[in-house]
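Chemist: Below is the structure I would like to discuss, written out as structure tokens.
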């Protein structure tokens, strides 16, 4: 088996396999891509050691390249994309694409700083005041010691890295977030709340089990229509979670009448803020903070968001302009009539399961449930629909499809997947067995494989039904108590 992660790519075996240096970036990438293609073919054939050797050779070509070549403009992103492609195959060979693989989560950036205090740079005060005076913002930007301390942190090397990482990732979602915030009538500056909460990581999770880009806990997510089942969690869907967050923030503003109080309530809950107002008689966030009427975490929450807003609206002044943001996530959305494996969809699209999981971070397993809002690369929805017609609806969890390559015939494909040519002819209604390069061929896998996948799907479906019944019972009891 190929070991997980990238460390093996940097081992002695790689250096031993490194090819002689070539001057052209195009030649380097072309040669590396040929090695990757060879590795993918060996991977499909089940030759894991051979695949790893080819992947090592691909990395070797890059490691042996002259420094001037790999540091040329645009080279870093193209090389990173190639290495990431290899990494994805490495991970999936160990089962990251299997039905019961556990989802991976990222740590919320706020967990690191939410209860800390930072020194204040006296030189910052006048500078920040001038920046705020020249900054247009729909949410009020107050300057005080707590805000300045976090401006100072985000100006430090460590804080700047955190902000820059999130800023780069925001390129994937910025257009979508801005559109939804505008549609829901809330300030555009609230996008920085997602920067602070998650660094724009859809799978961020906090120590309080709040998850997703906008850090919803379960009950609040349910309140705004974010469903959670054993197969998916809508809190991890960037678009659905953004819509829910915008509506929640708008509701909080309507309830409390102030954006700073709304942000505080987003953190600790509207009941917490209302009780603080009732106890003190002040409907002002800074007064509540000064009087210790809010939880410690919430006392830092609004200063963090305010400081981040100031820094990001004046990014050039803080040396954190991102000249190379991640490209926007663009996709088509479709619903499939039956449960379907991500591996089957990856076959159709000639991509990897990991790539589809990046487009669909809310999926917790490698099965797409029927009627789920599935994201596929832009312009491929019709291809997916038509190709799925090749596979019987009841077989879409266990079968595969294969795109015929140059020099392959039906017998070659049969050997790749360890099935009979007769089974391929029957599944594809091919009397003569003829196929041409580029054709998609349905592959009926061995019954034992189908059985294992179906058992996993059945367990997940049973879990979904149990969770639904449990939630319904809990809701009924809650309503009964309220009455």
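Chemist: From the list 381, 442, which residue is within 29 Å of the chain's Cα centre (by Cα), assigned by TED's automatic domain parsing to the domain that holds residue 368, surrounded by 13 or more Cβ atoms within 10 Å (Cβ to Cβ) and closer than 29 Å to residue 335 by Cα?
Modeler: 381
Chemist: Within the range 354-368, how many residues are surrounded by 22 or more Cβ atoms within 10 Å (Cβ to Cβ) and part of a helix (DSSP H, G or I)?
Modeler: Within the range 354-368, residues that are surrounded by 22 or more Cβ atoms within 10 Å (Cβ to Cβ) and part of a helix (DSSP H, G or I) number 2.
Chemist: Pick from the range 398-428 the residues that are touching a helix residue (DSSP H, G or I) at 6+ places or on another chain (Cβ under 7 Å), outside any helix (DSSP H, G or I) and at pLDDT below 90: which of them is nearest to residue 343 (Cα to Cα)?
Modeler: Only one residue tops the list, namely 398.
Chemist: Mind checking whether some residue in the range 269-282 is touching a residue at least 24 places away in the same chain (Cβ under 8 Å), in the same structural domain as residue 193 (by TED's automatic domain parsing), farther than 23 Å from residue 185 by Cα and in a helix (DSSP H, G or I)?
Modeler: Yes, the range 269-282 contains at least one residue that is touching a residue at least 24 places away in the same chain (Cβ under 8 Å), in the same structural domain as residue 193 (by TED's automatic domain parsing), farther than 23 Å from residue 185 by Cα and in a helix (DSSP H, G or I).
Chemist: For residue 391, all conditions in the list (1) in a helix (DSSP H, G or I); (2) in contact with a strand residue (DSSP E or B) (Cβ under 7 Å, 6 or more places away or on another chain) hold save one; what is the number of the exception?
Modeler: Only one criterion in (1) in a helix (DSSP H, G or I); (2) in contact with a strand residue (DSSP E or B) (Cβ under 7 Å, 6 or more places away or on another chain) is unmet by residue 391, namely (1).
Chemist: Which of the numbered conditions does residue 332 fail, given that it passes all the others? Conditions: (1) touching a strand residue (DSSP E or B) at 6+ places or on another chain (Cβ under 6 Å); (2) free of Cβ contacts under 8 Å to residues at least 12 places away in the same chain.
Modeler: Exception for residue 332: condition (2).
Chemist: Could you say whether any residue in the range 313-332 is at pLDDT below 90 and at positive phi?
Modeler: Yes: one or more hits.
Chemist: Another question, if that's okay. Go through (1) closer than 24 Å to residue 172 by Cβ; (2) touching a helix residue (DSSP H, G or I) at 6+ places or on another chain (Cβ under 6 Å); (3) not in a helix (DSSP H, G or I) one by one and return the number of the condition residue 324 breaks.
Modeler: (2)
Chemist: Out of 143, 139, I need the residue that is in contact with a helix residue (DSSP H, G or I) (Cβ under 6 Å, 6 or more places away or on another chain), at pLDDT 90 or above, outside any helix (DSSP H, G or I) and closer than 20 Å to residue 123 by Cβ. Which one?
Modeler: 143
Chemist: In the range 251-267, which residues are in contact (Cβ under 8 Å) with a residue 24 or more places away in the chain and surrounded by fewer than 17 Cβ atoms within 10 Å (Cβ to Cβ)?
Modeler: 257
The values are calculated or read from the model by the stated rules, or taken from the named source; none is laboratory data. What you are looking at is a predicted structure, and each value in this text was computed from that prediction instead of being measured. With ideal geometry, Cβ positions are generated from the backbone for all residues, glycine too; neighbour counts draw on all protein chains shown.
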